[in-house]
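Peer 1: Structure below; questions to follow.
The values are calculated or read from the model by the stated rules, or taken from the named source; none is laboratory data. Please read all numbers here as calculations on a predicted model, not as lab measurements. Every residue, glycine as well, gets a Cβ built from its backbone with ideal geometry; the counts of neighbours run over all protein chains shown.
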Amino acid sequence: EITACRFLCKSSCLLSSSKDTLMKLWDLETQHCTQTLVGHRKEVWTFAVDQEEQRLYTGTSDHFFRVYEFVYPAPGSSPSNIPDIKHLGNIPREGKERIVQLQLSPSGRLLICQAANKAAELFNVFEGQDISRRRRRRINRAKKKQEERTGGTEEDNQEPPEFMVTDELAPAYTIKLEHKISSCCFSPTQPQLLFGLSNNSLDIYDLQEDSFAKSTEIALPGHRSDVRSVALSSDDSLLVSTSQDHTKIWNVHSRVVFRTIESGYGLCSTFLPGNRHVLIGTKEGSLELYEVASGNLLEEIEAHNGEVWSVALQPDQQGFVSGGADKKLKFWEFRMQKNDHGKRILTLAHTKTVTMEDDILASVFSADMKFLAVALLDNTVKVFHADTMNFFLSLYGHKLPVLALDISSDGTTLVTASADKNIKLWGLDFGDCHRSLFAHDDSVMQVKFVPSTHYFFTAGKDKMIKYWDGDTYEKIFTLPGHQGEVWGLAISSDGEFLVSSSHDRSIRVWERSQEQVFIDEERENELEQIFESSLEDNQPSLEDGARESALATTRNLATIKAGELLIEAIEEGEKDKMKWVEYENSLQSLREMNNKLGKRTREEDIAKPTPSVLFQNKSASDYVLSTLKSIPSNDLEQSLLTLSFSEVINLFSHIEDWIKRNVSAELCCRVMFFLLK
């Protein structure tokens, strides 16, 4: 596996590093390797080249990085300017983890060595007189030590080496950060260094000659860990999101977070009636009630003996129900009581507990509060009459637990999303399964109906969000974008926008556009993407016997379509050519018959061939040429590979015609030489 590569500007060369412990220098003109560096004992993860292309620094998993020198041939001694790479020495470092990145500052006076840990080591790069001064000091120290060791005699005195790589490089200081470093970059204009950290934050450090100081930290707006749940307020103006140790409240319109609350590990969340309070169900089993305006914790209740997986508000806004891993479904009411200061505050009162057969993973009320649906760990969904909690229906059919469910606004349809990658639509009149759909390539984590419709959204661990029609059971389109599992979904009351949260620590807002969507076109696009991905999977590798160097083209859908257009043009040209051959044969037969019978039949009675409308008043040869010119230059060779042998022969006849007319000579030569090769 190649880990890094870079072009050398002074010569037409490419430098590459790999996990096979080798570095290779490639001549781009001959497409051959001119030199292989074999001094590394472990994988070469990164390398850096100075601006003058005189020094090469390579990083591996060792406790040091290596320094090489580019030695260029003397002017006029060689037709090519390909350098020879010589090893100068090794520079020890403090870190023990592998080197992730080596980078030189814009001035070239600092070299940063970033390892796979929380520290970054900086080295001073000396030039000119500084190198000479350090060399003299090193030699003087070495001679003085030799004299002390030998007692001043000149016997067995060894001259110290004239050059050592430590004359050019010396440790400056080490920057230790609070979290693991993901990437780093020097400022192009200021003596500053930017770090991207693994907790999704940025740190900027001011660099001095002998010291450093943090100047800026960008860490407030987003979450530092995966966002497990999101919920919208009733007026769609506020959004609450929960993660491992923080709960954030956002302004939906400005996309700005205005309240960050230290909380437990929130697995579910909701706004309470009035949008002044937020309720969080945590991994520890507690219910946490927060005030939006101040962010204060008003009440924390140890509600369950396991994770609180679900919190569902009652449509009458008088209470809610919570379900957890302790198999208990608990009912709560909202009450107002005075605190120690005489102020009336909202509290939660437990009213009833219903014990289920297994862990409760999700729950939802119907809009008319007629039914309460509960998803259990035993792969079933229980439907109860919400007022009496009398059992009504048991829905079974999923092979793995149901992770989310929702009921349409009219109360007729229930949709369930399961870890078996399927979604099922059920009728709430008799509990029959209307349709089972294979929805995602991994577990389906969330499902939400669009209010007042039978359209619904699903989200899964395959990083995708999908939009479905619950009446026709068709997928409308797919929303890619997240880089990790999608944990949460929330949809606005008018269905104009959707909010999703993911393991990639991002919250995305999707807005409805005015553009019409045609399902057939979406299906064609999906099939094209599948076909193109299969082409990428079938690319040859070195293990399959492919050459070390090849054309920098990739067989994709664009090249396939371009090849099909060229084949169609050649076939149309051949059809036109055959029409003219038949016309000439008919004329020849007419002339022979006239000569034999002595008749004078007019040749105009035989109709000339009608050119194809595709030619657009061009000749067949010119039509093929215009089609060939329309193919992008980067895709030309790959498109020519789609031609069969007979089509190549026909194309050569057109090339002969173009060359005789002195038309597009460069394109003709390129196509001809490639096909002959």
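Peer 1: Is it the case that D605 is at pLDDT below 65, over 30 Å from E29 (Cβ atoms) and outside the structural domain of H32 (by TED's automatic domain parsing)? Walk me through it before giving the result.
Peer 2: Numbers: at pLDDT below 65: yes; over 30 Å from E29 (Cβ atoms): yes; outside the structural domain of H32 (by TED's automatic domain parsing): yes.
The answer is yes for D605.
Peer 1: Something else: With (1) within 16 Å of S229 (Cα to Cα); (2) of a type outside the set (F, W, Y); (3) assigned to a strand (DSSP E or B) as the list, and I301 as the residue in question, which single condition is left unmet?
Peer 2: Every listed condition holds for I301 apart from (1).
Peer 1: Are there any pairs with C-beta distances below 7 angstrom linking a residue in the stretch 624-652 that is over 24 Å from S612 (Cα atoms) to a residue that is at pLDDT below 80 and charged (D, E, K, R), with the two at least 6 apart or on different chains, and if so which?
Peer 2: Taking only residues 6 or more apart or on different chains, the pairs are Q638/R555.
Peer 1: Given the criteria under 19 Å from K579 (Cα atoms), in contact (Cβ under 8 Å) with a residue 12 or more places away in the chain and loosely packed, with under 14 Cβ neighbours inside 10 Å, does K608 qualify?
Peer 2: Details: under 19 Å from K579 (Cα atoms): yes; in contact (Cβ under 8 Å) with a residue 12 or more places away in the chain: yes; loosely packed, with under 14 Cβ neighbours inside 10 Å: yes.
For K608, the condition - under 19 Å from K579 (Cα atoms), in contact (Cβ under 8 Å) with a residue 12 or more places away in the chain and loosely packed, with under 14 Cβ neighbours inside 10 Å - is met.
Peer 1: Kindly state which strands (runs of 3 or more DSSP E) lie completely within the stretch 321-410 and contain at least 1 residues that are among the charged types (D, E, K, R) and farther than 29 Å from A459 by Cα.
Peer 2: Values: elements: 328-338, 344-355, 360-365, 371-376, 381-385, 391-395, 402-407.
Qualifying strands (runs of 3 or more DSSP E): 328-338, 344-355.
Peer 1: Among the residues of the stretch 582-595, how many are over 13 Å from K608 (Cβ atoms) and surrounded by 10 or more Cβ atoms within 10 Å (Cβ to Cβ)? Don't jump to the end; show me each part of the working.
Peer 2: At the first step, the residues of the stretch 582-595 found to be over 13 Å from K608 (Cβ atoms) are 585, 588-595.
If we keep only those that are surrounded by 10 or more Cβ atoms within 10 Å (Cβ to Cβ) too, we end up with 585, 588-594.
Final tally of qualifying residues: 8.
Peer 1: Turning to a different aspect of this structure: Within the stretch 326-375, how many residues turn out to be of a type outside the set (K, R) and under 21 Å from A417 (Cα atoms)? Can you show your working first?
Peer 2: In the first step, residues of the stretch 326-375 are kept if they are of a type outside the set (K, R); the result is 326, 329, 331-334, 336-337, 339-342, 345-351, 353-369, 371-375.
Retained after the next criterion (residues that are under 21 Å from A417 (Cα atoms)): 329, 356-367, 371-375.
Counting residues in the stretch 326-375 that are of a type outside the set (K, R) and under 21 Å from A417 (Cα atoms) gives 18.
Peer 1: Follow-up question, since we're still on this one. Output the number of residues of the stretch 330-375 satisfying the condition of being β-branched (V, I, T) and more than 43 Å from the chain's Cα centre (by Cα). Spell out how you get there, then give the answer.
Peer 2: Taking the stretch 330-375 and keeping what is β-branched (V, I, T), we get 345, 347, 351, 353-355, 360, 364, 374.
Pick out the ones that are also more than 43 Å from the chain's Cα centre (by Cα) and you get 345, 347, 351, 353-355.
Adding up the residues that qualify gives 6.
Peer 1: Scanning the stretch 72-89 for residues that are surrounded by 16 or more Cβ atoms within 10 Å (Cβ to Cβ) and of a type outside the set (A, V, I, L, M, F, W, C), which turns out farthest from L14 (Cα to Cα)?
Peer 2: G89
Peer 1: Kindly provide the set of residues from the stretch 390-441 that are among the basic types (K, R) and crowded, with 21+ Cβ neighbours inside 10 Å, ordered by number.
Peer 2: Of all residues in the stretch 390-441, those among the basic types (K, R) come to 399, 421, 424, 435.
K424 - this is the single residue of the stretch 390-441 that is among the basic types (K, R) and crowded, with 21+ Cβ neighbours inside 10 Å.
Peer 1: Would you check if S443 is under 12 Å from F456 (Cα atoms) and of a type outside the set (A, V, I, L, M)? Write out each step before concluding.
Peer 2: Numbers: under 12 Å from F456 (Cα atoms): no; of a type outside the set (A, V, I, L, M): yes.
So S443 fails the test.
Peer 1: Something else about it: Give all pairs with beta carbons closer than 8 Å in which a residue from the stretch 575-598 that is in the same structural domain as L651 (by TED's automatic domain parsing) and of a type in the set (D, E, K, R) meets a residue that is surrounded by 13 or more Cβ atoms within 10 Å (Cβ to Cβ) and at pLDDT 80 or above; count only pairs at least 6 apart in sequence or on separate chains.
Peer 2: Correct list of pairs: D576/A620; K577/A620.
Peer 1: Okay, next question. Quick test of your reading of the structure: E543 fulfils all but one of (1) part of a helix (DSSP H, G or I); (2) acidic (D, E); (3) modelled with pLDDT of 75 or more. Name the failing condition by number.
Peer 2: Just one mismatch for E543, condition (3).
Peer 1: State whether the residues of the stretch 31-41 include one that is touching a Gly at 6+ places or on another chain (Cβ under 8 Å), in the same structural domain as P106 (by TED's automatic domain parsing) and either crowded, with 16+ Cβ neighbours inside 10 Å or in a loop (DSSP other than H, G, I, E, B) (or both). Reasoning before the result, please.
Peer 2: Residues of the stretch 31-41 touching a Gly at 6+ places or on another chain (Cβ under 8 Å): none.
Checked against the condition, which is being touching a Gly at 6+ places or on another chain (Cβ under 8 Å), in the same structural domain as P106 (by TED's automatic domain parsing) and either crowded, with 16+ Cβ neighbours inside 10 Å or in a loop (DSSP other than H, G, I, E, B) (or both), the stretch 31-41 yields no hits at all.
Peer 1: Can you tell me which residue in the stretch 42-87 is nearest to E121 (Cα to Cα), limited to those that are part of a strand (DSSP E or B) and of a type in the set (D, E)?
Peer 2: Our first condition is that a residue be part of a strand (DSSP E or B); within the stretch 42-87, this holds for 46-49, 55-59, 64-71, 84-87.
Checking which are of a type in the set (D, E) leaves us with 69, 84.
Numbers: E69: 22, D84: 29 Å.
My answer is E69.
Peer 1: Looking at the stretch 330-351, which of its residues are at pLDDT below 90 and among the charged types (D, E, K, R)?
Peer 2: Answer for the stretch 330-351, where residues must be at pLDDT below 90 and among the charged types (D, E, K, R): K338, D340, K343, R344.
Peer 1: Could you identify the single residue in V648, V671, V663 that is touching a Leu at 6+ places or on another chain (Cβ under 6 Å) and either at positive phi or not small (G, A, S) (or both)? Spell out the reasoning first.
Peer 2: On the way: V671 fails: touching a Leu at 6+ places or on another chain (Cβ under 6 Å); V663 fails: touching a Leu at 6+ places or on another chain (Cβ under 6 Å).
Matching residue, one of V648, V671, V663: V648.
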